[in-house]
Amino acid sequence: MNAHRKPNRMPGDLSKKDMLERMIRVDHAGEYGAVRIYEGQLAVLGKSRSAGEIEHMADQERVHLEKFNDLIRDRKVRPTALMPFWHIAGFALGAGTALMGEKAAHACTVAVEEVIDEHYAEQIAALDAEGDERELRDTFEKFRLEELEHRDTALQNGAEEAPGYEGLKVAVRAGSKLAIWLSKRV
């Protein structure tokens, strides 16, 4: 069997072009949302013990966003129409969890980054099945690993000690999955 055999598309499956546009659109939105989450956290926790680590994560997300800004432009992909909503919702999520305390902000980070890890892994598998788009695939993998670093940093900073950790994590994960679903389509 050829390891680079193109996947068979079934009726109703996206074309390769549509699949790639959807990936870039949703990842652009996600990285924008991540920047806004960290900006919200920093607005509340900017002088806290965690500020340096949050700023480092925000800086990495800004690099991710810049790459997706380039991809949106270079590949002529329409951004999601929900960007104004993600501008507000991302900041509100970051600031809201930070107002609950540093550990709640870190719990938010854990939840978001776990969903993003799963999301990037699915995209990487789809690109691997296509057998080309190596540069895009490697970008997704690099960013996925940095998202896991963010999750690990948040865990090391007491995310699991946040009051209502499990409930907060479930809610943020659900919201993140909904944001992904919507941003792919709108």
_Residues located in segment 92-140, provided they are assigned to a helix (DSSP H, G or I), out of contact with any helix residue (DSSP H, G or I) (no Cβ under 6 Å at 6 or more places or on another chain) and more than 24 Å from Ala171 (Cβ to Cβ)_ = Ala125, Ala126, Asp128, Ala129, Glu130, Arg134, Glu135, Leu136, Asp138, Thr139
*Could you say which residue among Val110, Val77 is among the aliphatic types (A, V, I, L, M) and surrounded by 21 or more Cβ atoms within 10 Å (Cβ to Cβ)?*
Val110
_Going residue by residue through segment 31-46, is there one that turns out to be in contact (Cβ under 8 Å) with a residue 40 or more places away in the chain, hydroxyl-bearing (Ser, Thr, Tyr) and within 18 Å of Ala179 (Cβ to Cβ)?_
yes
*Counted residues, segment 150-163 - those being out of contact with any Lys or Arg (no Cβ under 7 Å at 6 or more places or on another chain) and either surrounded by 15 or more Cβ atoms within 10 Å (Cβ to Cβ) or in contact (Cβ under 8 Å) with a residue 40 or more places away in the chain (or both)*: 8
*Residue check for Glu141: under 22 Å from Ile124 (Cα atoms), among the charged types (D, E, K, R) and over 11 Å from the mean Cα position of the chain (by Cα)*: yes
*Among (1) at pLDDT below 95; (2) closer than 20 Å to Leu42 by Cα; (3) not acidic (Asp, Glu), where does Leu127 come up short?*
(2)
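Per-residue answers, yes or no, for (1) assigned to a helix (DSSP H, G or I); (2) among the hydroxyl-bearing types (Ser, Thr, Tyr); (3) crowded, with 19+ Cβ neighbours inside 10 Å; (4) modelled with pLDDT under 95:
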{"site": "Asp18", "(1), (2), (3), (4)": "yes, no, no, yes"}
{"site": "Glu31", "(1), (2), (3), (4)": "yes, no, yes, no"}
{"site": "Ala58", "(1), (2), (3), (4)": "yes, no, yes, no"}
{"site": "Pro84", "(1), (2), (3), (4)": "yes, no, no, no"}
*asked:* Quick check on my filter: what residues within segment 71-82 are under 17 Å from the mean Cα position of the chain (by Cα) and part of a helix (DSSP H, G or I)?
replied: Leu71, Ile72
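The values are calculated or read from the model by the stated rules, or taken from the named source; none is laboratory data. None of the values given here were measured: they were computed from a predicted structure. Every residue, glycine as well, gets a Cβ built from its backbone with ideal geometry; the counts of neighbours run over all protein chains shown.
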